[in-house]
Amino acid sequence: MWVMAIIVAIAVAGWFAVSCSPGGANAERPVNEEEAALLAGLRERNHGSEPVAVRISVPTGGGTVTADGFVDWQQPMLYARVPDAEGGHRLIQAIPGLIATRADDEAAFSELRVPEDGWTTRQMLAGAVTPLETTVDILASSLFTLSSAEADDPAELAKQATWREEGVIDGEPVDSFRAPIMVETAPGTAQGASPEALYSLDADGNLRRFQVNTGEERLSAVDFLRDVEFDASGLTANDLLGGPAIAPTAVDEDLAATIAEVRKGNWEDTAEVELTVPTGDGQVTTGRGSIDWRTMTAYLHLTDANGQRLLLARPGGYATAAAEGDELPETPPTEGWEAHALTDEDAAEHFGPVESLVFRVLEMAAEEAEDADVIAEKAFLLRVDDVDGTEVKVVEFPVAGDAEAAAGRSAFRYHLESEQLREVEMVSFYGVASAELSDEDFPMVEIPWELAEKIG
């Protein structure tokens, strides 16, 4: 869990944030009742607040590295432009557990736009490859602990927090407190000791500065620039992190009826498909090809860090072969295939996120419509997008075999344009994979007979 990872990381860097802080420690005193209540409401206030501009300061051996960004606790998400090891900058977006990065686009960042392409993802902390990336990961994930739907217990904070000093930040008088990093624990789980941080609050209880020990001689800090005004409408996660925020609501009768017909509507159709699948730290597999629901056949050309390959999939299994060139051959080659039946003992070893998404797309056709009443009970409308002036509804609904999931937490999402399925999304370990669909007539794919026997 990302919360435990960040707690461990900060604990390793320095158990107490104040262990590296200059002065002030001798003036510490226990917090009074009013101060404990102010600290206890901090995360709840953040949870309901508007996005805020931030300035991140990271001490290094040669000075201090600074980065500007924006944090939205309601999503939650951080968008920042950070220095890199080569002396330039990169854009990052972070959500709990994941970091997305891409080449710098100073113009887009200054306009608070999120570029649509060029992103790769990695696991937070585990996927970091430089000390600066690790520090940024610690700070980004620490920011996400600063939000909670409910207030913390002031009685507990009265026992654990101390007042340190008065100060001024951005012209606002503040009081600084030393207190534990506050995180939720699962019911029945004992709350262990937590590393500490410094919290600087103004008179209204708004957080103005957050400081934590990331392993340097001085504390890393995040300043909250609450007087900076900006248009936050463009502050959305990129597609690999799930896109704009969702707000699950029950579907109405009309939408339930539409969803119930989606798979039946595909039963005798074909479509062009474009895949984008995060498959590892900094790795994305892309692909293009055809889906033929008449014969339940997927035929694609894939590109990843290892090169290019062809993929054939049918309900009984799938096969891969080296690709010759950048284009999908009209007819699959007769030789060179490595086939895997889903009944093979080692099938799971070769079955990854690309195969999972392709098979889900194949499952998006059925001879009969779903029960609209069942759909009405179990489906959810997550959000409504405007795509080039066209309304697209993003929904989730269970398909036979899907695990039970809370609203908004399903492994799969579906984008509907009117009655047409336009995209299937799948939540994976490294982000959100996508299969975009467009209407296209294809002839039936001629699969070599021995291969067809193996994969169905």
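The values are calculated or read from the model by the stated rules, or taken from the named source; none is laboratory data. Treat the numbers as computed from the prediction; the structure is a model and nothing was measured. Note that we place each Cβ from the backbone using ideal geometry, even for glycine, and neighbour counts take in every protein chain shown.
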Qualifying residue in segment 287-304 (condition: farther than 30 Å from Gly234 by Cα and either in a helix (DSSP H, G or I) or in the same structural domain as Arg122 (by TED's automatic domain parsing) (or both)): no
Leading residue by the ranking (farthest from the chain's Cα centre (by Cα)) among those in segment 414-430 that are of a type in the set (S, T, N, Q) and surrounded by 17 or more Cβ atoms within 10 Å (Cβ to Cβ): Gln420
Condition check: among the hydroxyl-bearing types (Ser, Thr, Tyr) and modelled with pLDDT of 95 or more. Does Thr276 satisfy that? yes
Taking only pairs six or more apart or across chains, which ones have beta-carbon atoms under 7 Å, a first residue in segment 360-376 that is closer than 17 Å to Arg314 by Cβ, and a second residue that is among the polar types (S, T, N, Q) and modelled with pLDDT of 95 or more? Met364/Asn266; Ala365/Asn266
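Residues in segment 148-180 that are under 15 Å from Ala197 (Cα atoms), in contact (Cβ under 8 Å) with a residue 60 or more places away in the chain and not aromatic (Phe, Trp, Tyr): how many? Lay out the reasoning, then the answer.
Of segment 148-180, the ones under 15 Å from Ala197 (Cα atoms) are 157, 160-165, 175-180.
Right, trim to in contact (Cβ under 8 Å) with a residue 60 or more places away in the chain and you get 157, 161-165, 175-179.
Cutting the leftovers down to not aromatic (Phe, Trp, Tyr) gives us 157, 161-162, 164-165, 175-176, 178-179.
Number satisfying all stated conditions: 9.
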Before we move on, is Thr236 part of a strand (DSSP E or B) and under 30 Å from Pro398 (Cβ atoms)? no
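Within segment 391-413, which residues are assigned to a strand (DSSP E or B) and surrounded by 14 or more Cβ atoms within 10 Å (Cβ to Cβ)? Outline the logic, then answer.
Of the residues in segment 391-413, the ones assigned to a strand (DSSP E or B) are 391-396, 412-413.
Scanning segment 391-413 gives Val392, Lys393, Val394, Val395, Glu396, Phe412, Arg413.
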Leading residue by the ranking (nearest to Glu367 (Cα to Cα)) among those in segment 246-303 that are within 23 Å of the chain's Cα centre (by Cα) and of a type in the set (Gly, Ala, Ser): Gly287
State whether one or more residues within segment 35-42 are in contact (Cβ under 8 Å) with a residue 24 or more places away in the chain and part of a loop (DSSP other than H, G, I, E, B). yes
Can you spot a residue in segment 437-451 that is assigned by TED's automatic domain parsing to the domain that holds Gly316, part of a strand (DSSP E or B) and under 18 Å from the mean Cα position of the chain (by Cα)? no
Quickly run through segment 431-445 and pick out the residues that are over 30 Å from Thr121 (Cα atoms) and among the hydrophobic types (A, V, I, L, M, F, W, C). Phe442, Met444, Val445
Val18 meets each of (1) at pLDDT below 95; (2) surrounded by fewer than 19 Cβ atoms within 10 Å (Cβ to Cβ); (3) closer than 26 Å to Asp152 by Cβ with one exception, condition (2)
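Ala247 - would you say it is farther than 14 Å from Val424 by Cβ, in a helix (DSSP H, G or I) and in contact (Cβ under 8 Å) with a residue 60 or more places away in the chain? Step through it out loud before you land on a result.
Working: farther than 14 Å from Val424 by Cβ: yes; in a helix (DSSP H, G or I): no; in contact (Cβ under 8 Å) with a residue 60 or more places away in the chain: yes.
Criteria not met by Ala247.
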Can you find a residue that is more than 25 Å from Gln211 (Cα to Cα), in contact (Cβ under 8 Å) with a residue 12 or more places away in the chain and assigned to a strand (DSSP E or B) anywhere in segment 72-83? no
Among the residues in segment 36-50, are any surrounded by 18 or more Cβ atoms within 10 Å (Cβ to Cβ) and modelled with pLDDT under 95? no
Just to check your reading of the model, which residue among Arg226, Arg208 is more than 18 Å from Ile92 (Cβ to Cβ), within 29 Å of the chain's Cα centre (by Cα) and without any contact (Cβ under 8 Å) to a residue 60 or more places away in the chain? Arg208
Out of segment 346-384, which residues are acidic (Asp, Glu) and exposed (fewer than 15 other Cβ atoms within 10 Å of the Cβ)? Asp346, Glu349, Glu367, Glu368, Asp371, Asp373, Glu377
Tell me, please, whether a residue that is in contact with a helix residue (DSSP H, G or I) (Cβ under 9 Å, 6 or more places away or on another chain) and farther than 17 Å from Val58 by Cβ can be found in segment 129-139. no
Sole miss for Leu382 among (1) within 30 Å of Pro443 (Cβ to Cβ); (2) outside any loop (DSSP other than H, G, I, E, B); (3) in contact with a Pro (Cβ under 6 Å, 6 or more places away or on another chain) is condition (1)
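Would it be correct to say that Ser142 is assigned by TED's automatic domain parsing to the domain that holds Thr64, buried (at least 21 other Cβ atoms within 10 Å of the Cβ) and within 29 Å of Tyr199 (Cα to Cα)?
Values: assigned by TED's automatic domain parsing to the domain that holds Thr64: yes; buried (at least 21 other Cβ atoms within 10 Å of the Cβ): yes; within 29 Å of Tyr199 (Cα to Cα): yes.
In short, yes.
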